[in-house]
1. Expressed as an acute angle from 0 to 90° and rounded to the nearest 10, what is the orientation of the C-alpha long axis of helix 147-160 relative to the principal long axis of the chain?
2. Taking the Cβ of each residue in 118, 107, 206 as the centre, tally the other Cβ atoms inside 10 Å and list the residues starting with the fewest.
3. Classify the stretch 121-239 as rounded, prolate or oblate from the Cα gyration tensor: take a ≥ b ≥ c as the square roots of its eigenvalues, call it rounded if a/c is under 1.5, otherwise prolate when a/b beats b/c and oblate if not.
4. Let me make sure I get this right: for the stretch 41-136, a, b and c are the square roots of the gyration tensor eigenvalues over alpha carbons, sorted descending. Under 1.5 in a/c it's rounded, otherwise prolate if a/b > b/c, else oblate. Which is it?
5. Largest first and to the nearest Å, give the Cα extent of the stretch 111-179 along each principal axis.
6. Rounded, prolate or oblate: which fits the stretch 17-67, taking a ≥ b ≥ c as square roots of the Cα gyration tensor eigenvalues, rounded meaning a/c under 1.5, else prolate when a/b beats b/c?
7. Express as a percent, rounded to the nearest 5, the fraction of DSSP beta bridges in the stretch 11-237 (both residues included) that run antiparallel.
8. Pairing the Cα long axis of helix 176-189 with the longest principal axis of the chain, what angle in degrees results, from 0 to 90 and rounded to the nearest 10?
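FYI, it's all coordinate maths here, none of it is from the lab. Only a predicted model underlies this, so the values are computations on that prediction, with no experimental measurement involved. Cβ atoms come from the backbone with ideal geometry, glycine included; neighbour counts cover every protein chain shown.
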Ligand code: SF4
């Protein structure tokens, strides 16, 4: 079945070894986002997607069809993919015999629940940017956020689908105490995997954050140790 005409694809990595642990995937980038995180490294996709060329769906479909023996699945990322009607895109991928991994900021729990319940996603990675309170979350995500919706999304992901939760750790923002708060909250929701991502200053949306230095490896190790007290599988990325 053809994906809805409303779904625009603004970028494609034909074969990625890093977007779904243990799998080789084709990664598709969808435009736009309802958050404005200062550390976002995809800001062109978020702020000015109209300047990026569309990748034709027909091209994507034919690429996937020709490479479905080599690929394990497709990673649908953004931006925020749940802002678009991605059901038919997921269905197209599944009909080719490939798995679907969804990246989300967790702001659309109803959409995520529907995708999981329809069997259209196999793995969901949700960013958890701050402890689940409105003030902390709004500060980090750059927009006013109702943290209860994000907590609800994390809860349904933790209980219904293979998953990972992840936090991009920004120096001075994600202190050991903050990471501990997030890990504790995720553990209470049943999270089984938590990944800390090293912040890359030179790619940040915020000019102010571009002046920061990323955390050192030893600091990342220490954060993993803190979060590992609560969740079985914890690691960091960005070496
Ligand atoms: S939610 Fe993700 S894509 Fe959206 S602004 Fe934040 S980091 Fe960027």
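1. The angle comes out near 60 degrees.
2. Values: 118 12, 107 22, 206 17.
Ranked by crowding around the Cβ, least crowded first: 118, 206, 107.
3. Numbers: a/c = 1.71, a/b = 1.27, b/c = 1.35.
Here the stretch 121-239 falls in the oblate category.
4. Working: a/c = 2.24, a/b = 1.38, b/c = 1.62.
Since a/c reaches 1.5 but b/c is at least a/b, the shape of the stretch 41-136 is classed as oblate.
5. Largest to smallest, the principal-axis extents are 40, 22, 16 Å.
6. oblate
7. Values: 4 of 32 bridges.
The antiparallel proportion sits near 10 percent.
8. In the chain, helix 176-189 runs at an angle near 50 degrees to the longest axis.
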